[in-house]
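Down below is the structure, laid out as structure tokens.
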Amino acid sequence: MNLEASIDYPGQTILSGPAASVMGSLPFAAASQETLVLDIGGTTTDMAILIQQVPLLDPVGIELSGHKTLIRSLKTRSIGLGGDSVVRVVKGDLTIGPDRQGGPMACGGPLPTPTDALVVMGKYPEGDRSASLRGLEPLAGQLGMPVEKAADRIFEQTCREILAAAAGMITEINSKPVYTVHEILEGYQVKPQEILILGGPAPAFAAQLATLTELPVRVVPQWQVANAVGAALAKNTCEVMLFADTEQGLAVAPEEDFSQPVKRDFDRKGALKLAFDLLRKKCMRQGASPQEVEMETLEELQFNMVRGFYTSGRNIRVKVQVKPGLIPEYREIAAGLFAANGVS
Amino acid sequence: MLHTKVKTGLVFFPAFDWAISDTHPEREERLLYTQDQVFEEGLLDIEGLVEYKPDLITIEDIQRVHFCYPDERRVITESHLISAGGAKKIGVEVMEKRIERGFALVRPPGHHAMRVVHGARGFCNINIEAIMIEYLRQHYGVDRVAIVDTDCHHGDGTQDIYWHDPDTLFISVHQDGRTLYPGSGFHNEVGGPTAVGSTVNIPLPPRTSEEGFLFVLDEVILPLLAAFKPDLVVNSAGQDNHYTDPITNMCFSAQGYAELTSRLKPDIAVLEGGYSIEGALPYVNVGIIMALAGMDYSKVREPDYQPDKIRQSPDTTRYIERLAQTILENWQKSAELREKHRASMKFAKRERNIFYDTDQICESQREHLRVCPDCSGVLAIDSDTDRGRQIYAVHIPRKACEACRQQGYEWYEACRDRRYDAVFLQDRTKDRYLVKGLRR
């Protein structure tokens, strides 16, 4: 959304950081497949799913530090594992993170990190290798192996833990309860066929992750700025839920402060038309341009209401949204931007 | 943040896209307002209340319990696989100790489906509780199970499946069969010759209210459970005994059902009937969920709840007291009766006519039981319908002795009569299910 709109809806900006990364990776995801996006940062790794370049949203609203909200956002999972996480050996076991206490020792930080492991392995071009070695040697001693092998172990475990957390997120998505026979039987099961990585140490991680999974692993071009590009080019996305009760003769969209009388023959089609109308207006109020409003139906349910032995009316519920993605005008521009920089 | 005392699982499957027919009360919106109520009250946000997606049962899971003619797929629809799968999911989560108790709020129901299935009866096609229980017995070694069926209608299907099973205590409390479908469930129906006392029926008069239900719970059901010592207690929690239910005549309430659940403490509860979509189901289900989770349910009430208006008469109270006494006295004689049967006969016969109201089929059944001194005995069933079909089915029970097992196979092999359209064998000892000579 634009700045003016964000002043009216500040709550909508939470978790916009991880979301922007996902949006920034959109142009490079396969158009006909499911993609797992990993944004590997210093403190955390954020993960999300794209289905044919459309990001997956959280069905009820995201959870922030254990607090449930109803704020519509992308379905992302953040784990305390990143390039600068503190590496320790606790009771003979290697632990990585969840805390970060400054940068890698190669850049002057106080404690060893996975980045230091990369430096020792010669896979990270910057930094002071002797500082990294100083940090890793005691750990290697505790693990009972030479320091190069320890560096290998540290880095491999970091990648394994990231993949395990991603698998957990996918299982959670696929176990979401559904309420019709059709959805149980035909219900979509997410099974990513490729992994896209962005974030500072993306290329180094890509190579190692590729050895731990059968899926193709690619790095988002200009990975260091993909997050910013995503924030700039993301479409507005919002949804509207409309209820209609033909016995009471009323259609309501309570979150939009909207209600309107309807006749007894009001049906699903009429409800969808009203809902799409409201959606378009809402999206424009949040600063969208008419071209970016691509709408779709999420839910349409209609039930009979029975009083005594007569059908007294219909209970209709529809939910519509603007399809999340990138602003159409800039889709080509973004691709051109990266191509011009010799990146495919 | 609200917490439950007991980690409780919930499978919620309203099957919004399935109904028996356009005008049938077993219909799409039956659980609609219940879902609204559960969401709006924020029950799913409570720590310790976990919602699961239902599993799907397999054809083998059905074969373990039923004899379906012509085959399993012809007598069910996909919604039945999911409904039974919902009960199964809760059962598995309880066995895996990921939850302490659970409630499968599912459609369609199952307690009128008997051992032999020619079609749908009483809105049921397959017995969802029996399928879950036999699955848990097969995969988790559960042995003694108590089923308490509190649906307003007699659970004649469940009773039939466990009639000859002394390891399953089936207790049904329902509106008296002289006044309501299916017209059975009298207190002299106590189980087959080798399982006397493992079926207990408590038929209550119309207009029984909370006092009556809770009285039989405290005076009959809980003492019997304490004596039986089950590994698992399953509650068929039908809610058509509510004072607003359109097709029955009892006066139970949300408070009453929550109190009953709280005292009964079932491990697994499964929804059965209940057709008061707005007036009853939302409140009773919220009450049951909160009672299972050990939470305070005192504020759960229907908007028009007035306990004085629905109170039962003193005559009803006296009747129920006498009934309870009779049932308990009869039950004390169960072991003695089983011995008497074993001493006096080698085989027992039972003949019945069964009507499938939903599919309009008349079935005539003849059972032949080996009254075995060592086990509950192998069973052969000859069943024919007014559609001109006849089948022969052999059931070898889970703990059958070797002699009964061999007898079962002999009966199955020897049956080559061309008049049967199918011959079935259910060998529960080896989880093996055979059919031969199938003619559709």
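The table below lists the values:
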| item | result |
| --- | --- |
| Selected residue (only one of A:Val181, A:Val240, A:Val217 is buried (at least 17 other Cβ atoms within 10 Å of the Cβ) and within 14 Å of chain B (Cβ to nearest Cβ)) | A:Val181 |
| Candidates B:Gly212, B:Gly185, B:Gly155, B:Gly122, filtered to the one that is out of contact with any helix residue (DSSP H, G or I) (no Cβ under 8 Å at 6 or more places or on another chain) and not polar (S, T, N, Q) | B:Gly155 |
| Pairs with Cβ under 6 Å, 6+ apart, first in the range A:159-181 and closer than 21 Å to A:Pro201 by Cα, second among the hydroxyl-bearing types (Ser, Thr, Tyr) and open to solvent by less than 30 Å² (accessible area, probe 1.4 Å) | A:Ile162/A:Thr45 |
| Residue ID - nearest to the other protein chains (Cβ to nearest Cβ), chosen from residues in the range B:54-68 that are modelled with pLDDT under 95 and crowded, with 21+ Cβ neighbours inside 10 Å | B:Pro54 |
| Number of positions in the range B:381-419 that are open to solvent by 20 Å² or more (accessible area, probe 1.4 Å), out of contact with any helix residue (DSSP H, G or I) (no Cβ under 9 Å at 6 or more places or on another chain) and hydroxyl-bearing (Ser, Thr, Tyr) | 1 |
| Conditions (1) within 14 Å of chain A (Cβ to nearest Cβ); (2) touching a residue at least 24 places away in the same chain (Cβ under 8 Å); (3) surrounded by fewer than 20 Cβ atoms within 10 Å (Cβ to Cβ); number of the one not met by B:Tyr33 | (3) |
| Qualifying positions in the range B:108-125 - more than 14 Å from the chain's Cα centre (by Cα), among the hydrophobic types (A, V, I, L, M, F, W, C) and closer than 13 Å to B:Gln365 by Cβ | B:Val116, B:Val117 |
| B:Phe186 being of a type in the set (Phe, Trp, Tyr) and open to solvent by 10 Å² or more (accessible area, probe 1.4 Å) | yes |
| Test: residue in the range B:74-81 that is open to solvent by less than 20 Å² (accessible area, probe 1.4 Å), within 12 Å of chain A (Cβ to nearest Cβ) and farther than 29 Å from B:Ile391 by Cβ | no |
| Which listed residue is in a loop (DSSP other than H, G, I, E, B), away from every other protein chain (no Cβ under 14 Å), open to solvent by less than 80 Å² (accessible area, probe 1.4 Å) and under 30 Å from A:Asp116 (Cα atoms), from A:Met169, A:Met145 | A:Met145 |
| Residues within the range B:1-27 that are at the interface with chain A (Cβ under 7 Å from one of its Cβ atoms) and open to solvent by less than 50 Å² (accessible area, probe 1.4 Å), tallied | 6 |
| Lone unmet requirement of (1) of a type outside the set (Asp, Glu); (2) away from every other protein chain (no Cβ under 14 Å); (3) open to solvent by 10 Å² or more (accessible area, probe 1.4 Å) for B:Arg98 | (2) |
| Condition met for B:Phe39 (assigned to a loop (DSSP other than H, G, I, E, B), free of Cβ contacts under 8 Å to residues at least 24 places away in the same chain and within 11 Å of chain A (Cβ to nearest Cβ)) | no |
| Unmet criterion (only one of (1) within 10 Å of chain B (Cβ to nearest Cβ); (2) at pLDDT below 90; (3) surrounded by 12 or more Cβ atoms within 10 Å (Cβ to Cβ)) for A:Arg317 | (2) |
| Qualifying positions in the range A:80-115 - of a type in the set (Asp, Glu) and crowded, with 19+ Cβ neighbours inside 10 Å | A:Asp84 |
| Matching option when the condition is open to solvent by 60 Å² or more (accessible area, probe 1.4 Å) and in a strand (DSSP E or B), among B:Glu363, B:Glu351, B:Glu336, B:Glu367 | B:Glu351 |
| Filtered residues of the range A:293-325 (kept if of a type in the set (A, V, I, L, M) and farther than 18 Å from A:Leu74 by Cβ) | A:Val293, A:Met295, A:Leu301, A:Met305, A:Val306, A:Ile316, A:Val318, A:Val320 |
| Residue match in the range B:213-223 (condition: crowded, with 19+ Cβ neighbours inside 10 Å, of a type in the set (Val, Ile, Thr) and assigned to a strand (DSSP E or B)) | no |
| Residue selected from the range A:83-117 under the condition assigned to a helix (DSSP H, G or I) and not polar (S, T, N, Q), by the criterion farthest from A:Leu143 (Cα to Cα) | A:Cys107 |
| Boolean, A:Leu74 is in contact (Cβ under 8 Å) with a residue 24 or more places away in the chain, open to solvent by less than 30 Å² (accessible area, probe 1.4 Å) and under 16 Å from the mean Cα position of the chain (by Cα) | yes |
| Odd one out for B:Thr358 among (1) modelled with pLDDT of 95 or more; (2) within 30 Å of B:Ile76 (Cα to Cα); (3) not in a strand (DSSP E or B) | (1) |
| Residue in the range A:189-212 that is free of Cβ contacts under 8 Å to residues at least 60 places away in the same chain, charged (D, E, K, R) and surrounded by fewer than 17 Cβ atoms within 10 Å (Cβ to Cβ) present | no |
| Failed criterion for A:Lys68 (all others in (1) open to solvent by less than 40 Å² (accessible area, probe 1.4 Å); (2) of a type outside the set (S, T, N, Q); (3) farther than 16 Å from A:Ala151 by Cβ; (4) free of Cβ contacts under 8 Å to residues at least 40 places away in the same chain hold) | (1) |
| Hits in the range B:259-283 - residues which are acidic (Asp, Glu), within 17 Å of B:Glu93 (Cα to Cα) and touching a Phe, Trp or Tyr at 6+ places or on another chain (Cβ under 9 Å) | none |
| Selection within the range A:57-78 - within 19 Å of A:Pro10 (Cα to Cα), within 13 Å of chain B (Cβ to nearest Cβ) and of a type outside the set (Val, Ile, Thr) | A:Gly61, A:Glu63, A:Ser65, A:His67, A:Lys68, A:Leu70 |
| Members of the range B:386-438 found to be in a loop (DSSP other than H, G, I, E, B) and of a type in the set (Phe, Trp, Tyr), listed by number | B:Tyr420 |
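Each row is one residue, and each column tells you yes or no for (1) open to solvent by 20 Å² or more (accessible area, probe 1.4 Å); (2) out of contact with any strand residue (DSSP E or B) (no Cβ under 6 Å at 6 or more places or on another chain); (3) at pLDDT 95 or above; (4) not in a loop (DSSP other than H, G, I, E, B).
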{"position": "B:Gly279", "(1), (2), (3), (4)": "yes, yes, no, no"}
{"position": "B:Tyr283", "(1), (2), (3), (4)": "yes, yes, yes, yes"}
{"position": "B:Gly287", "(1), (2), (3), (4)": "no, yes, yes, yes"}
{"position": "B:Met290", "(1), (2), (3), (4)": "yes, yes, yes, yes"}
{"position": "B:Glu302", "(1), (2), (3), (4)": "no, yes, yes, no"}
{"position": "B:Lys309", "(1), (2), (3), (4)": "yes, yes, no, yes"}
{"position": "B:Asp315", "(1), (2), (3), (4)": "yes, yes, yes, yes"}
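The values are calculated or read from the model by the stated rules, or taken from the named source; none is laboratory data. The structure displayed is predicted, hence computed values, not measured ones. Don't worry about glycine lacking a Cβ; one is built from the backbone with ideal geometry, like all the others, and counts go over all protein chains shown. In case anyone asks, the SASA skips ligands and DNA or RNA and just uses the protein heavy atoms, side chains included. Shrake-Rupley method; radii C 1.70, N 1.55, O 1.52, S 1.80 Å.
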